[in-house]
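Enquirer: Would you mind keeping the following structure in view while I ask a few things?
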């Protein structure tokens, strides 16, 4: 078959397959044009999930009548004129293919009027057929109307979800763009119902409006600047973690992006504070010099490539870690209220009801505090952490109960010891490799060829941890030495290495060596820690509480489960009728 030049309509439809994946893609492209046009207000109206109708109205600079035909042509743009410009992209769009692609798979009506003109223009593209531009009456700005999306490409429609699901995707696109551009007012309506109404506000208020007002009081500010990379945003406290990543917004230079590596940096910062299967709530905004990032990796421009991705990853991770470390995160105990009538109380052999509420109220906790406060005493430093010298009891050989200045602390002995060991191992390996113990007789475990290959790839990590393992045959792995800690804590070596083999491939895919190292340290700390059911002496109890004071993030184990719950004084007083 001879080589032929493809017709323009076919070229545009191929481009549409890359740029216009679904209605949300159309909304994204048109909104980006509006933002680039300097719009201060944008309205989006959709019907049928965007398949039937999408209308975007903005008050931007508008397009002159004689440029409307160029606006709907492929690779026509006002934002790039030379190759050098591609290294300094500072606009949302620049490829000049969005409107041409949209017009090839829908009916597109483009009305626009520059603020300096008395009249506007109209051009129509009906699935690739162009009606020449003509003068028309319209307000300053641009109005784009798209209808019948994929009407003549039924195969594409089959891949779309329900109208409600597509509308949800559109809402998410508008939300992310609105979060990154708080100076612009956005309004989204579907089927006559307003889904988003976001007036122009300052950045924090916009983020809170986008993520929901119920999270506002539990968001922490993140801020950092390092080597030209600026990070600002809000992260939710651990209790706001969600089962999906839908409550995550990531933006670069005002452009929402999808970067799983950077999301992983945030999750790594939350390591030990949330369960592994959950995702932190976040809105992170990056500012990177345009010449240090390539936004032309994908036609949709949601994926980018950084010149120094490790710097950006590290900057985000450290900024989030610093914010979390500065917050006191200990989950409180919430006891549901139960209306229980107090039983009769016997006084001197006679049956009597409990004291009346009036009598009970005569004992005022506030008055007692005031009286104590007025008593002269030597100055003391407020206690905010557990004092190891305070009484502590072990309950069911699983939990420790003690007190601090705010109330009663209930501690999971295994989870706390696991966190302590993890932090100490992490500190120690930062100084030197962990000590190793050679086995008198090498131990062998069965392993698949893929697992052995993955373990060999992890060689540098395992060596730092004190492991010496090698392939002993086609399906066997030989263990020659293990970290001294595992030997001292009588950890079953074969079982541990088998668990490690199960995770070897996943560890090899980690972002970097340090991340894989921390994961293996997690496993070591869990296996070597005190177990539920271990009986502890008074000295061991005191030592464990003392260790809790010496480490950060002691409120959660490395897997995210809480180590400590607090029953506050206020809650106790309320339960006992003192409040």
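The values are calculated or read from the model by the stated rules, or taken from the named source; none is laboratory data. Remember, it's a predicted structure, so these values are computed and weren't measured experimentally. Backbone-built Cβ (ideal geometry, glycine too); neighbour counts: all protein chains shown.
Enquirer: Going through the stretch 528-542 one residue at a time, which ones are part of a helix (DSSP H, G or I) and touching a residue at least 24 places away in the same chain (Cβ under 8 Å)?
Expert: Those that are part of a helix (DSSP H, G or I) and touching a residue at least 24 places away in the same chain (Cβ under 8 Å): 528, 541, 542.
Enquirer: While we're here: Taking helices (runs of 4 or more DSSP H) that fall entirely within the stretch 392-496, which contain at least 1 residues that are out of contact with any helix residue (DSSP H, G or I) (no Cβ under 6 Å at 6 or more places or on another chain), under 20 Å from residue 546 (Cα atoms) and free of Cβ contacts under 8 Å to residues at least 24 places away in the same chain?
Expert: Of the helices (runs of 4 or more DSSP H) lying wholly inside the stretch 392-496, those with at least 1 residues that are out of contact with any helix residue (DSSP H, G or I) (no Cβ under 6 Å at 6 or more places or on another chain), under 20 Å from residue 546 (Cα atoms) and free of Cβ contacts under 8 Å to residues at least 24 places away in the same chain span 413-429.
Enquirer: Take residue 197 and tell me if it is over 17 Å from the mean Cα position of the chain (by Cα), surrounded by fewer than 17 Cβ atoms within 10 Å (Cβ to Cβ) and more than 25 Å from residue 48 (Cβ to Cβ).
Expert: Answer is no for this residue.
Enquirer: Consider only pairs whose beta carbons are under 7 Å apart and that are at least six residues apart or on different chains; among these, list those whose first residue lies in the stretch 243-256 and is outside the structural domain of residue 183 (by TED's automatic domain parsing) and over 18 Å from residue 209 (Cα atoms) and whose second residue is surrounded by 19 or more Cβ atoms within 10 Å (Cβ to Cβ) and at pLDDT 90 or above.
Expert: From the stretch 243-256, the pairs are 252/286; 252/288; 253/288; 255/180.
Enquirer: Since residue 232 meets every condition but one in (1) modelled with pLDDT of 95 or more; (2) assigned to a helix (DSSP H, G or I), which condition does it not meet?
Expert: So residue 232 meets the others, but not (2).
Enquirer: Which ones in the stretch 200-228 are in contact (Cβ under 8 Å) with a residue 24 or more places away in the chain, out of contact with any strand residue (DSSP E or B) (no Cβ under 7 Å at 6 or more places or on another chain) and under 20 Å from residue 309 (Cβ atoms)?
Expert: Matches in the stretch 200-228: 226, 227, 228.
Enquirer: State all residues of the stretch 35-52 that are at pLDDT 95 or above, over 16 Å from residue 171 (Cβ atoms) and not in a loop (DSSP other than H, G, I, E, B); if no residue qualifies, say none.
Expert: Passing the criteria: only 41.
Enquirer: Only one of (1) over 26 Å from residue 267 (Cα atoms); (2) buried (at least 19 other Cβ atoms within 10 Å of the Cβ) fails for residue 528. Which number is that?
Expert: Tallying (1) over 26 Å from residue 267 (Cα atoms); (2) buried (at least 19 other Cβ atoms within 10 Å of the Cβ), residue 528 fails exactly one: (1).
Enquirer: Let me ask something else about it. Condition (residue is within 38 Å of the chain's Cα centre (by Cα), surrounded by 13 or more Cβ atoms within 10 Å (Cβ to Cβ), at pLDDT 90 or above and under 26 Å from residue 327 (Cβ atoms)) applied to the stretch 381-399: is it met by at least one residue?
Expert: Among the residues of the stretch 381-399, at least one is within 38 Å of the chain's Cα centre (by Cα), surrounded by 13 or more Cβ atoms within 10 Å (Cβ to Cβ), at pLDDT 90 or above and under 26 Å from residue 327 (Cβ atoms), which makes the answer yes.
Enquirer: What number of residues within the stretch 258-275 satisfy the criterion of being at pLDDT 90 or above and either assigned by TED's automatic domain parsing to the domain that holds residue 523 or part of a loop (DSSP other than H, G, I, E, B) (or both)?
Expert: 0
Enquirer: So which of 217, 155, 189 is surrounded by fewer than 18 Cβ atoms within 10 Å (Cβ to Cβ), assigned by TED's automatic domain parsing to the domain that holds residue 256 and either at pLDDT 90 or above or farther than 15 Å from residue 247 by Cα (or both)?
Expert: Testing whether each residue is surrounded by fewer than 18 Cβ atoms within 10 Å (Cβ to Cβ), assigned by TED's automatic domain parsing to the domain that holds residue 256 and either at pLDDT 90 or above or farther than 15 Å from residue 247 by Cα (or both) leaves just 217.
Enquirer: To continue, here is another question. Within the bounds of the stretch 308-316, is there any residue that is assigned to a loop (DSSP other than H, G, I, E, B) and crowded, with 20+ Cβ neighbours inside 10 Å?
Expert: No, the stretch 308-316 contains no residue that is assigned to a loop (DSSP other than H, G, I, E, B) and crowded, with 20+ Cβ neighbours inside 10 Å.
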